[in-house]
Amino acid sequence: MSGSRMMRAIRVSEFGAPSVLRLCSDVPVPQPGHRQVLIRVRACGVNPVETYIRSGSYARKPTLPYTPGSDVAGVVDAVGEGVTAVKAGDRVFTTAAQSGGYAEYAVAADDCVHKLPDALDFTQGAAIGIPYFTAYRALVHKAHAKAGETVLIHGASGGVGVAACQLSRALGLRVLGTAGTPEGMKLALGNGAHCAFNHREEGYTDRIMEATDGRGVDVIVEMLSNVNLGKDLQLLAYGGRVTVVGSRGSIEINPRDTMAKESSIIGVTLFSSTPEEKRECAALLFAGMEGGWLRPVVGPQYPLEKAAQAHHDIIESPGASGKIVLTM
């Protein structure tokens, strides 16, 4: 740790409600070690998984106290020994931050740091990491989606949902999306969905089936499986796959719904990605940035001191509208 520089950072000393996110102004700026990069953080994405970790309900619990956040965008301040891909002054984004991203400075392993194209601003850079890498893992590595298939993005207006819409369209899929508000439906349609449905309306699943001429969908990317998994199994075509990206509790399903269609329920976690899978995903995402179809949609922005409000809103808001981001 550096004794000369201090920074503001969010610290969590106990698991619990959003109020456990405390702003501290006397946190030492970390020093980059071997193959590490120190980043002056300009923005950090807020992901639902960070609220589960903070509450203590997630399987993987960090050692207390800790700073949340992994999806950082900013400028390289310094690099440790062995780092060659980036240098001080480079605009970058991360897919993980070892010291936590809800802070003015963050340290990340060099293989998790990527150059941010000039066409994207820092808030957009903070919306890439977990959303796009998760969407790619669900669609390609887990569901093995193929061009010409139909995909349902069940929750298409949040960070992962928008990413899944853009990726699905680029991969040649027919894209159906759901959202909880008219604004969310418009957002899904503007980011690659061919059709959008309001999942708060009675009978919306019937309309999804009608849109497939009764055949069902091949792949579902599910953001709230504790509510929707039973419905998802009814919506699948023969051989269909549900990828479980998010869940906030338990649900009872009828296993027979998987038997008749020989369908699959597949869990998705980014932490299990191999280095090869990460490199493959990064290569496609860079192609998307260069081609212009990868366009992160930034939703509500909060200053660092409002991190607790951001955690409340990402879970309690009536409908997502892009990626929630903290700004420094």
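The values are calculated or read from the model by the stated rules, or taken from the named source; none is laboratory data. Computed from a predicted model, the values in this text were never measured in an experiment. Heads up, the Cβs are rebuilt from the backbone with ideal geometry, glycines too, and the neighbour counts pull from every protein chain shown. Calculation scope for accessible area: heavy atoms of the full protein, side chains included, ligands and nucleic acids excluded. Shrake-Rupley method; radii C 1.70, N 1.55, O 1.52, S 1.80 Å.
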Computed E for residue 115/residue 293 - FRET, C-beta separation, R0 22 angstrom, nearest 0.05: 0.75
Crossing angle, helix 307-316 versus the chain [Cα axis fit, 0-90 degrees, rounded to tens]: 0 degrees
Normalised contact order of the chain, rounded percent, pairs of Cα under 8 Å and 6 or more residues apart: 17 percent
Over 27 Å (Cα to Cα) - which of 142/306; 142/261; 61/261; 142/323; 278/306; 186/323 fall in this group: 142/306; 61/261; 278/306
Dipole-positive endmost among 157, 85, 199 within region 85-199 (Cβ charges, Cα centre): 199
Degrees between helix 275-291 axis and first principal axis of the chain (Cα, 0 to 90, nearest 10): 80 degrees
Acute angle (nearest 10 degrees) that the helix 159-170 long axis makes with the longest principal axis of the chain, alpha-carbon atoms: 60 degrees
Heavy-atom accessible area ranking, 1.4 Å probe, most first, across 231, 186, 87, 261: 186, 87, 231, 261
Farthest positive-ward along region 200-280 dipole, Cα basis, beta-carbon charges - from 249, 239, 212: 249
Additional length obtainable on full extension of the chain from residue 279 to residue 226, 0.36 nm per residue less Cα span: 15.9 nm
Counting DSSP beta bridges with both ends in the chain, the antiparallel % (nearest 5): 55 percent
Cα→Cβ-extended label distance, 7 Å offset, between residue 57 and residue 266, nm: 2.7 nm
Per-residue ³J(HN,Hα) for region 256-273, Karplus 6.51 cos²θ - 1.76 cosθ + 1.60, θ = phi - 60°, Hz, x for Gly and Pro: 4, 5, 8, 6, 4, 9, 6, 8, 10, 10, 10, x, 10, 9, 5, 4, 8, 5
Under-5 Å amide H pairs with residue 241, H placed in peptide plane, nonlocal only: 219, 220, 264
Size of electric dipole in the chain: Cβ of Lys, Arg +1 and of Asp, Glu -1, about Cα centre, debye, nearest 20: 320 debye
Normalised contact order of region 131-271, rounded percent, pairs of Cα under 8 Å and 6 or more residues apart: 22 percent
